[in-house]
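Everything below concerns the one structure shown next.
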Amino acid sequence: MIYKVEDILAKLENCIKYRLPFSHIRFGDGGIKFIDAALNANHDQMMVIVKKEGLPTHEIAEIFELWGYYARHADFIDTPEVYFNDTFWPRVKRLGKQINKQTKIKMLDWKTLYHSAEFDNDNYCNPESNYLMILRRPGRKNLLDLMKRRRVCIITAKPEVGKELNKFNVDIIKIVGHYENQYKNSFQKTVDIINNTAREYDFWMIAAGELGRLYSGIIKNNGGRTVDIGFVAEFWTGERIHPRLTAFMHRSPCNPLELKLTDLGTTYDEYI
């Protein structure tokens with residue numbers, strides 16, 4: 001089943017109330033490429049991912065195993081199915097520009113890849129659920145509503161996001177960014193903090209790329225709650241959303257931390 005954003009946020013809010021563990025993990029097309037490279041021994045593709053994400057080559061098999069474990073135990077994982085079943089706008093580079101053919105082939109084969117990776121979890125969500133969670137829609141709560149009067153921790157390479165969220169009770173764990181060897185320079189320190197403080201926060205928000213899936217799983221294993229916000233952290237610091245989304249969503253004129261559906265985007269409102 002593919003759950004809507006309101007279902008995800010409602011369960012998160014309930015888990016906060018009753019202090020239950022929770023995780024929302026998005027793998028996206030980057031995750032699909034990682035799975036494909038791991039399963040099919042595509043060395044060139046894996047090395048592109050390793051360099052960008054700062055993954056250790058000697059730990060790829062372990063990371064892959066942990067992805068499967070944490071996916072199986074997550075409350076929600078994403079599926080690219082929404083891009084191909086007419087319930088959501090198509091996955092494009094930008095309006096009128098298609099994604100790479102090989103990427104599309106891999107995304108269409110997601111069920112086989114997920115099964116082979118042992119992602120045995122039928123609680124699916126939209127890959128864009130991070131952005132969809134900060135939409136402002138009449139009569140519905142969004143992620144910012146859940147942040148009010150709650151203690152939150154964000155794992156991100158954009159620590160300046162804390163200044164933009166100064167009206168909320170937010171702590172920041174800074175990690176290094178792309179091409180800066182996150183595993184070597186940030187991973188163990190971040191895991192140590194999680195192990196000691198996972199339950200101290202009402203929930204965590206993760207913006208940490210491929211290693212972020214591990215942080216999310218470790219937080220839930222420690223009894224905490226976590227949401228994968230991805231590039232929302234950059235959006236909150238003033239950066240634009242990805243061109244693939246601009247025909248469907250734009251920054252809200254009422255609150256720069258929120259998004260609003262365009263006229264074209266509203267045609268998919270019932271499925272979001």
Derived scalar couplings ³J(HN,Hα) [the stretch 89-100; Karplus, 6.51 cos²θ - 1.76 cosθ + 1.60; whole Hz; x for Gly, Pro]: 5, x, 7, 10, 6, 6, 4, x, 10, 6, 6, 3
Alpha carbon centroid spacing (whole Å) that separates the stretch 175-196 from the stretch 71-98: 28 Å
Equivalent-ellipsoid semi-axes of the stretch 5-129, from the Cα gyration tensor, Å, largest first: 25, 21, 12
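Report, in deg cm²/dmol and to the nearest 500, the calculated mean residue ellipticity at 222 nm for the chain, where each DSSP H run with n ≥ 4 adds -39500 (n - 2.57) and the sum is divided by the residue count.
On the way: 12 runs with 105 residues, N = 272.
Result for the chain, helices only: -11000 deg cm²/dmol.
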For the stretch 156-173, Karplus couplings with θ = phi - 60° (6.51, -1.76, 1.60), whole Hz, Gly/Pro x: 7, 8, 10, x, 5, 4, x, 5, 6, 10, 5, 7, 10, 8, 10, 9, 10, 10
Cβ-placed point charges (K, R +1; D, E -1), dipole of the stretch 1-53 about Cα centre in debye, nearest 20: 220 debye
Size of charge dipole - the chain - debye, nearest 20, with Cβ of Lys, Arg +1 and Asp, Glu -1, no other charges: 800 debye
Net length gained if the chain between K4 and H73 were fully extended (0.36 nm per residue, minus Cα distance): 22.9 nm
Amide H partners (placed H, <5 Å) of R150, local residues excluded: N169
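Convert 4 °C to kelvin, take the viscosity as 1.567 mPa s, use the Kirkwood radius over C-alpha pairs of the stretch 206-272 as Rh, and evaluate the Stokes-Einstein diffusion coefficient in µm²/s, rounded to a whole number. Don't skip to the answer; put the middle values down first.
Values: Rh = 13.7 Å.
Translational diffusion coefficient: 94 µm²/s.
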Model label zone, S116; criterion: amide N under 19 Å from point 7 Å along Cα-to-beta-carbon; scope the stretch 15-33: 27-33
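Suppose R0 equals 25 Å. What FRET efficiency, 1/(1 + (r/R0)^6) with r the Cβ-Cβ distance, do D269 and N123 give to the nearest 0.05? Don't skip to the end; give the middle numbers.
Details: r = 22 Å, r/R0 = 0.88.
Given R0 = 25 Å and the Cβ-Cβ separation, E is 0.70.
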Nonlocal amide H pairs with I173, under 5 Å, H built at 1.01 Å: I154, I155, T156
Cα pair count fraction exceeding 17 Å, expressed as % - the stretch 116-240: 59 percent
Three semi-axes of the equivalent ellipsoid, the stretch 8-67, Cα gyration tensor, whole Å, largest first: 32, 12, 10
The stretch 80-86 - phi-based ³J(HN,Hα) in whole Hz, Karplus 6.51/-1.76/1.60, Gly and Pro as x: x, 4, 4, 6, 10, 10, 6
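None of the figures in this text is laboratory data; all of them are computed from the coordinates on show. Not measured: the values here are computed from a predicted model. Heads up, the Cβs are rebuilt from the backbone with ideal geometry, glycines too, and the neighbour counts pull from every protein chain shown.
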